[in-house]
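Remarks on the structure that follows.
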Amino acid sequence: MKKEIHVLGLGPGIENYKGGYDQVRTIGVNDIWRHFDSDYVLCVDKIGSFEEDRFKIIVNCTPHRFFTCWPEWVYIRNMNFKQVEMIELDNKVPGRGGLVESLDSDRVIPFHVDSTFTATCLAYRMIRNEPGEGKIVLFGCRFMGHHQLDNFIQAIQESYWRLYCALLERNIMLYNADEKSSLYDVLPFYEP
């Protein structure tokens, strides 16, 4: 297995992600299985946040592990998840640089305004103890034109820059794979 994880957001362009990368793990957010069957799924939103069609996709997906901070997901009937793992988010100061201070914590995972930030931190957790240089690549993470994130673009860019610097210190490269992403000028561009 490569020390590489692809983080799959739900922004424009994700429908073009086809996988096929040899020995690369994937972690997607929310109803990512609408587009791609990721190895792992992270959901930091409550059940009531989703319309019925999105909710059904989340409930019917079968990743190796489903990560959430909401106990209500654990108790859903007919869950197909092989394993549900509860996580605790570090969101004491939301909107202030993404809280990379808690990156190495075994207790909490950094959180910001977008779930792909938390998925990126979770990806780091998965590969941090593996030998050699690591790589995390963001797909479907544009953040522009998103009704809830448009006002946070600068904060998102600052958070990902801080995360990039923190991961670089830990021998992990963080890449953006979308030329139209608001992170294009913040993170190095990924070319397989």
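Read-outs throughout are calculated quantities, based only on the coordinates presented, and are distinct from any laboratory measurement. Computed from a prediction, not measured in an experiment: that's the story for all the values here. With ideal geometry, Cβ positions are generated from the backbone for all residues, glycine too; neighbour counts draw on all protein chains shown.
Once the chain from I153 to D106 is taken as fully extended at 0.36 nm per residue, the excess over their C-alpha distance is 14.1 nm. Lys/Arg Cβ at +1, Asp/Glu Cβ at -1, dipole of the chain taken about the Cα centre: which of G140, N176, W33 is farthest positive-ward? The residue sitting most towards the positive pole is W33. Proximity of backbone amide H atoms, modeled 1.01 Å from N, is registered between E85 and F66, F67, T68 at under 5 Å, excluding neighbours fewer than 5 places apart on the same chain. Cβ crowding within 10 Å, taken as a proxy for footprinting-reagent exposure, orders H64, H35, H6, H112 from fewest neighbours to most as H64, H35, H6, H112. Adding -39500 (n - 2.57) for every DSSP H run of four residues or longer, then dividing by how many residues the chain holds, sets the calculated 222 nm ellipticity at -6500 deg cm²/dmol. Label reach from D185 (point 7 Å along Cα→C-beta): in the stretch 151-173, amide nitrogens under 20 Å belong to 151-165. For the Cα trace of the chain, dividing Rg by the Kirkwood Rh returns an Rg/Rh value of 0.93. Once the gyration tensor of the Cα atoms in the stretch 4-87 is diagonalised, the equivalent ellipsoid follows with semi-axes of 21, 14, 11 Å, ordered largest first. Scan the chain and hand back the longest stretch that contains none of the GluC sites (Glu not before Pro) lying in DSSP loops with at most 16 other Cβ atoms within 10 Å. The longest such stretch corresponds to 1-50. The residue list V44, V84, T68 was ranked by how far each Cα lies along the charge dipole of the stretch 4-176 toward its positive end, using unit charges on Cβ atoms, and V84 comes out on top.
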